[in-house]
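Remarks on the structure that follows.
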Amino acid sequence: MSDFLHASGRALVMGIVNCTPDSFSGGNSKQQSIDLALRLLDEGADILDLGGESTRPGAEEVPLETEIERLLGVLQTVKKLRPASIISIDTRKSKCAGICLDNGADIINDVSGLVYSPDMAEVVRYFNAKLVIMHSLDGGKSNTQHQYSDVVREVYDFLQKQFEYAVKCGVAAENIIVDPGIGFSKSAAENFELLKNIDIFREIAPVLAGHSRKRFIRETLNINEPADSDGATALISVLAAQKGASIVRVHDVKTTVDYLKIAEKMRKN
């Protein structure tokens, strides 16, 4: 698992599994989450990202015990049925991260960028796991609106600082992935600016692009339903991969995998 980012020589597809009842893109029970996880693996997901707390605007904070309960059964079942699967846990809480890593998780995806739980990096170091550091202004929620003078530079500086902090805490530099936080406290124009310049963040670490079903896509296309943006999400995934993204995090794995295959075929021919 240590070199999974480089083993395939292509962008990896991370499939989103919302183990919550209140995600902006629809919730799932435990069994529904397990069924979804297995289906996404069958459709070509390289990584699963399990989340037990919604980060949609206005979502209430989930108690630690509830988040762990939502995640643990899904994680354990998927690992039992598909032991080779690579599983990421989308959590801001270091205690949740530690329990999930102890039960077979491979990656911690911290949407707070190590701000919510300052000891998160030490937990990841202990398990020698992978760590995704996302840019966020308010601890992993997308409620705060911010005026950026230079969104690329400000996001870059935050990620560089948090990368250095994680390394200082003992996380191996090669285990860190950065995420510019598309859709979190950023306007549509700022999100597109980050995507256009996603290669710049590779100077810090491999990059994850998390744009799936985000509001800025729906606003651009004048559509209401999140799932109606899956084709555009897949197109952005291709463009982000061509700009150097190592991982694209999406809800609709099949469409994204298909688009990436066609793009790769055209590149080689």
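Bear in mind these aren't lab numbers, they're just calculated from the coordinates by the rules spelled out. Just so it is clear, the model here is predicted, and its values are computed rather than measured. Ideal geometry is used to build each Cβ from the backbone, glycine not excepted, and the neighbour counts take in all protein chains shown.
Using every pair of distinct Cα positions in the chain, the Kirkwood expression returns a hydrodynamic radius of 18.3 angstrom.
Under the rule a/c < 1.5 gives rounded, and otherwise a/b versus b/c splits prolate from oblate, where does segment 125-269 land using the Cα gyration tensor? Oblate shape, in that a/c is at least 1.5 and b/c is the bigger or equal ratio. Approximating the spin labels as points 7 Å out from Cα along Cα→Cβ, the Glu69-to-Asp119 distance works out to 2.4 nm.
The slack between Gln145 and Gln76, meaning 0.36 nm per residue of separation minus the straight C-alpha distance, is 21.1 nm.
Do the alpha carbons of any pairs in Lys130/Lys196; Lys80/Lys254; Lys30/Lys95; Lys80/Lys196; Lys161/Lys196 sit beyond 30 Å of each other, and which pairs? Going by Cα-Cα distance, Lys80/Lys196 fall outside the 30 Å limit. Membrane-span-like helices in the chain (whole DSSP H runs, Cα extent of at least 15 Å along the helix axis, mean Kyte-Doolittle hydropathy of at least 0.0): 64-81, 230-242.
Each peptide among 84-94, 219-229 gets the average number of other Cβ atoms lying within 10 Å of its residues, and from highest to lowest they stand as 84-94, 219-229. Note on segment 192-243: along the principal axes its Cα atoms extend 36, 16, 13 Å, ordered by decreasing extent.
With N the number of residues in segment 36-152, Rg(Cα) / (2.2 N^0.38 Å) evaluates to 1.10. For Ile223 and Lys196, a Förster radius of 30 Å and the Cβ-Cβ distance give a FRET efficiency of 0.85, rounded to the nearest 0.05.
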